[in-house]
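The values are calculated or read from the model by the stated rules, or taken from the named source; none is laboratory data. Source: prediction; values computed, not measured. Quick reminder, even Gly has a Cβ in these numbers, built from the backbone with ideal geometry, and neighbours come from all protein chains shown. SASA here: full protein model, heavy atoms, side chains in, ligands and nucleic acids out. Shrake-Rupley method; radii C 1.70, N 1.55, O 1.52, S 1.80 Å.
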Amino acid sequence: MDALHERTAVELRDLLASGELTPAEVTDHFLERVERLNPGVGAFATVTPELARERAAALQRDDDGPGRAATPAPGSLWGLPTGDKDLWNRAGVPTGFGSRAFADLPPAQESDEIVRILDDAGIVSLGKTAAPELGFPAYTEPVHTPPARTPWDLTRGAGGSSGGAAAAVAAGMLPFAPGSDGGGSIRIPAAACGVVGLKPTRGLLPAGSGVDSLGGLVVNGPIARTVADTALLLEAMLPRRAGGDVAHPYSLRAPSYEAGAYLATAQRAALPAPGTGGRGPGGSRARIGVTTSSAWDGFYDIGVSPEARVALEAGVRALSGLGHDVEETALAAAPEYAPAFRTLWMGGASAVPIDDPETLGRLEPLTQWLIRSGREVPARQLAEAVRTLTAFERSLVAQVSAYDAVLTPALALTPRPIGWYDAEDPERNFEQQCQYTPFTSMLNVAGLPAITVPTHWTEATADAPAGLPMGVQIIGRPGGELTLLALAAQLEAELPRPRMFPL
């Protein structure tokens, strides 16, 4: 048998369900990897081995657990290890929010909803995955803790804000991990770490739906090493009532499909449909637009690196070779987008519950700038920004809906070196983030689903013996997760990642 961290999450789930593995065995294996690799990678802000082993033992004692089923129920993650993002509360475990200002907070008394949902699915939490301060930056380099690094090159960052989650998955410290995404915070680190990251449609998930965040930006979603594992975690983030419908707390919700449909689509799509010459899923031919334009064009100097173009071209060739209709397109110019998004982003930061000047002064320059600037924004300007971005949403949804999916680079540049972002000039720092990842935030504004998948590794170097991962982002119509999973699975089959682990 392969080492447990070399197994996919789906394989581990099935081995646990059959009794060939126990939760304790799986937990111990991954804790050993965390202990050995985390000091160099910086994927975990907090590790909780005692709690993890207690949880694994409790699951093992539960004779009625879902892991005893011969065929695991859709959404069951019984005995599988993962981590909580360090922006989420777990009862009894400190939450650092990636900030020295919160380093001494006592543990929360109650767990957040997303944590409870995954607990109900049967997970074993190994601790808190690293995040940048309050989740605002697109990189995970808090000033008071080690940075999260892409395991493919430890001189470069894992991206953010779910940087710890993506780094842990890429390094084989976790089989998968949940993250949150307000401007690209799942897709950016997934791309930088050579794994798969899915931002769901606004309103799909009950916890982290986006419905309750300013401008509808922030949603939760899965990060995993394979597309099928991504779908498996997505299934668990969709808790269902006895009748099979998703247990939503809001009237506004995205279309969802029956339990098991997401994983089944990801697994089936990678297999050529009989008599179709390899097209899929089910022999269908998708119409796919390809673009390197973004909503930041014209506001900042946005350039797409040669490495990003090679990754995009690899994705285009693979999808074309599968029989899909792939054509170049361009997004309509949106000069109003950038100032409106900045206003909304700062407006969201203004609500951070810190009023004490001393505590505010302990925040990093970028976070202080966002909060202070946001608190100076007039209510009218914020309302106008929301109205502008709502009009942008309607336009972008219409443009994307002309296709079955739209393909962009995942990142405009290779993973950035540690320390690359300006630590003193917040305005310059914000610009650098947009230049690194210009293709992500517009989809949070529009509420559209998107998935990133690696398609290319750069030339090997001394720091990156296997090269650096580069990939593509596939954008879907509202509720189009099945299409995204199918296309991503096909790309994964055509352009497999290196079999080696980076560490």
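Couplings 3J(HN,Hα) for region 489-501, derived from phi with the Karplus relation 6.51 cos²θ - 1.76 cosθ + 1.60 (θ = phi - 60°), are 5, 5, 4, 4, 6, 7, 10, x, 6, x, 5, 6, 8 Hz, where x marks Gly and Pro. Is region 328-431 best put as rounded, prolate or oblate by its Cα gyration tensor, with a ≥ b ≥ c the root eigenvalues, rounded for a/c under 1.5, and otherwise prolate when a/b is larger than b/c, oblate when not? Since a/c reaches 1.5 but b/c is at least a/b, the shape of region 328-431 is classed as oblate. Using the Karplus relation 6.51 cos²θ - 1.76 cosθ + 1.60 with θ = phi - 60°, the per-residue 3J(HN,Hα) values for region 431-446 come to 4, 4, 4, 5, 5, 6, 9, x, 9, 9, 4, 4, 7, 5, 4, 7 Hz, with x marking Gly and Pro.
Taking the mean number of other Cβ atoms within 10 Å as a proxy for protection, how do you rank 82-93, 121-132 from highest to lowest? Could the numbers behind the result be given before it?
Values: 82-93: 24.1, 121-132: 27.7.
In decreasing order of mean packing, 82-93, 121-132 become 121-132, 82-93.
Of the residues THR458, THR452, THR71, the one with the largest accessible area comes first in the ranking THR71, THR458, THR452, computed with a 1.4 Å probe on protein heavy atoms. Each pair of Cα atoms in region 372-496 enters the Kirkwood radius, and Stokes-Einstein at 20 °C and 1.002 mPa s then converts it into a translational diffusion coefficient of 126 µm²/s. Its Cα centre serving as origin, region 375-503 has a Cβ charge dipole (Lys and Arg +1, Asp and Glu -1) of approximately 360 debye. Gyration tensor analysis over the Cα atoms of region 141-192 returns equivalent ellipsoid semi-axes of 15, 14, 10 Å (largest first, whole Å). Placing unit charges on each Cβ (+1 for Lys and Arg, -1 for Asp and Glu) gives the chain a dipole about its Cα centre, and among THR329, PRO132, TRP78 the Cα reaching farthest toward its positive end belongs to THR329.
Rounded, prolate or oblate: pick one for region 100-225, where a ≥ b ≥ c are the square roots of the eigenvalues of its C-alpha gyration tensor, a/c under 1.5 means rounded, and failing that, prolate if a/b is larger than b/c, else oblate. Taking the square roots of the gyration eigenvalues as a ≥ b ≥ c, region 100-225 is rounded.
Under the classification rounded if a/c is under 1.5, otherwise prolate if a/b is larger than b/c and oblate if not, where does region 1-67 fall, given a ≥ b ≥ c as square roots of the Cα gyration tensor eigenvalues? Note, shape of region 1-67 comes out oblate. Ordered from largest to smallest accessible area (heavy atoms of protein chains, 1.4 Å probe), the residues ARG499, ARG253, ARG36 come out as ARG499, ARG36, ARG253. GLU6 contributes about 80 Å² of solvent-accessible surface, heavy atoms of the protein only, 1.4 Å probe.
Packing, taken as the mean count of other beta carbons within 10 Å per residue, orders the peptides 224-230, 142-148 from highest to lowest as 224-230, 142-148. Taking a quarter of the surface of the Cα convex hull of the chain gives a mean projected area of 22.0 nm².
In region 176-219, inverting the average of 1/r over every pair of distinct C-alpha atoms gives 10.6 Å as the Kirkwood radius. Rg then Dmax, both in Å and based on the Cα atoms of region 207-340: 18.8, 52.
The helix-only estimate of mean residue ellipticity at 222 nm for the chain, built from DSSP H runs of length n ≥ 4 each weighted as -39500 (n - 2.57), is -11500 deg cm²/dmol after division by the residue total.
Fully extending the segment from GLU6 to GLU327, taken as 0.36 nm per residue of separation minus the present Cα-Cα distance, adds 111.9 nm. Over region 1-147, all Cα pairs binned in 10 Å intervals from 0 give whole-percent P(r) values of 12, 38, 34, 14, 2, listed from short to long. Taken over region 185-265, the convex hull of the Cα atoms encloses 81 Å³ per residue. Separation of region 363-423 from region 17-37 is 39 Å, based on Cα centroids. Note on region 314-343 and region 201-274: Cα centroid distance 23 Å, given to the nearest whole angstrom.
Of ARG317, ARG187, the order by accessible heavy-atom surface (1.4 Å probe, DNA, RNA and ligands excluded), from most exposed downward, is ARG317, ARG187.
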